[in-house]
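The structure appears right after this line, and notes come after that.
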Amino acid sequence: MPYEQESRMPRPDRAPTLKEIAERAGVHVSTASRVLRQPEPIDGWSDSALRVREVAAELGYRPNLWAASLRTRKTTTLGVVMPRLTDGVVATTYQGIEEAATKAGYSVLLSSPPDDLEAQRRAIALLVGRQVDGLLLSSMHLPGGPFVESLVLGSLPILAVTRHADAGLPFVVGDDYRGGALAARHLLDRGYDDLAIIAGPDHASTARDRRDGFVDTLKEASAPLPPERIMRSSFDVAGGVEAARALLDRPDRPRAIFAVSDTIAIGILGVARDLGLSIPDDLAVVGYNDIPVVAQLPVPLTTVRSPAHDIGVTAIERLLELVQNGETESTRLPVELVVRASS
């Protein structure tokens, strides 16, 4: 090999430079730099870009993210505060967040604090201190405005995901109000007029919106729901059990119950079993989210399917619009009713 050509080859004891990659790929060094720092374009890589990336992989190139962040004041890192990550729906949303961020060339710093305001405040401060380029907030409590206003964020782009919490932030959520309305209309169409709702916690905008959609639809149909048929609860199975006992262990029990989460609905089904009630002959049940297990229950559960994964993907898309353009739009993704044997 001639000396001139050999001198252009990277030594095995060091990483290749952009200049070396560009020479091997037959492109200008600025082209190599642009290709190696950007995510894949929507219409795919060009032939020259593919050649650059193949040469970079062959030579073992690794981008110097620290040096790039010093030049651009960007870390290509996004912060996510997401309590209740053990919940399957929340975990699915985070999976969408991680996948979309990686595809866009960003890494994610995740904090999953307890679902209380002070724990979330500490998590946010930690991520802001890591100089993330943008921040996703999940599980904010109603009303969210005062909490957001109390944070020291500077000009950091911030977006709410899953719960909007009336926080005054752009958000990406499922269309929870419509989901509650779909549940109410389904039960009315099936001839049920003695209804109840287990409505989740007061601090969650998801629970409130689902409740309001359900209650408003019944009111519009001249079948208003008495206050004693609206039960508060936690989102978990235990919350469903406690509220269902209060509704069902009495002579004047309802004929159908809408639960604002599938885990609440599973608790209802357990109480109905213990009381000897047949589903749906004695009691109809509708849940929310369509977690995988509910289609496999002894009596498969009718539920409202929420697009948890798509919420995560769309949240990253909207957050990156904020990072790059300084503005974005709030989005409510569509939900659908999945009818099964429980109603």
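The values are calculated or read from the model by the stated rules, or taken from the named source; none is laboratory data. The structure displayed is predicted, hence computed values, not measured ones. Here Cβ is always computed from backbone atoms with ideal geometry, including for glycine, and neighbour counts include all displayed protein chains. Each accessible area value is taken on the protein alone, full model and side chains, heavy atoms only, with ligands, DNA and RNA left out. Shrake-Rupley method; radii C 1.70, N 1.55, O 1.52, S 1.80 Å.
Counting only strands (runs of 3 or more DSSP E) that fall entirely inside the range 240-343 and contain at least 2 residues that are under 18 Å from Gly200 (Cβ atoms) and either among the hydrophobic types (A, V, I, L, M, F, W, C) or within 19 Å of the chain's Cα centre (by Cα) (or both), the qualifying elements are 256-259, 284-289, 302-305. Residues in the range 72-93: is at least one modelled with pLDDT under 85 and not in a loop (DSSP other than H, G, I, E, B)? Yes, the range 72-93 contains a residue that is modelled with pLDDT under 85 and not in a loop (DSSP other than H, G, I, E, B).
Just one of the numbered conditions (1) in contact with a strand residue (DSSP E or B) (Cβ under 6 Å, 6 or more places away or on another chain); (2) closer than 22 Å to Asp116 by Cα is not true of Ile268: (2). Taking every residue in the range 269-289 that is without any contact (Cβ under 8 Å) to a residue 24 or more places away in the chain and pairing it with any residue that is β-branched (Val, Ile, Thr), at least 6 positions away or on another chain, the pairs with Cβ-Cβ distances below 9 Å are Arg273/Ile279; Ser278/Val299.
In summary, Arg122 fulfils each of the numbered conditions (1) assigned to a helix (DSSP H, G or I); (2) touching a Leu at 6+ places or on another chain (Cβ under 7 Å); (3) of a type outside the set (S, T, N, Q) with the single exception of condition (2). Just the residues that are under 15 Å from Pro16 (Cβ atoms), among the aliphatic types (A, V, I, L, M) and open to solvent by 30 Å² or more (accessible area, probe 1.4 Å), please, taken from the range 30-59. The answer is Leu36, Ala57, Leu59.
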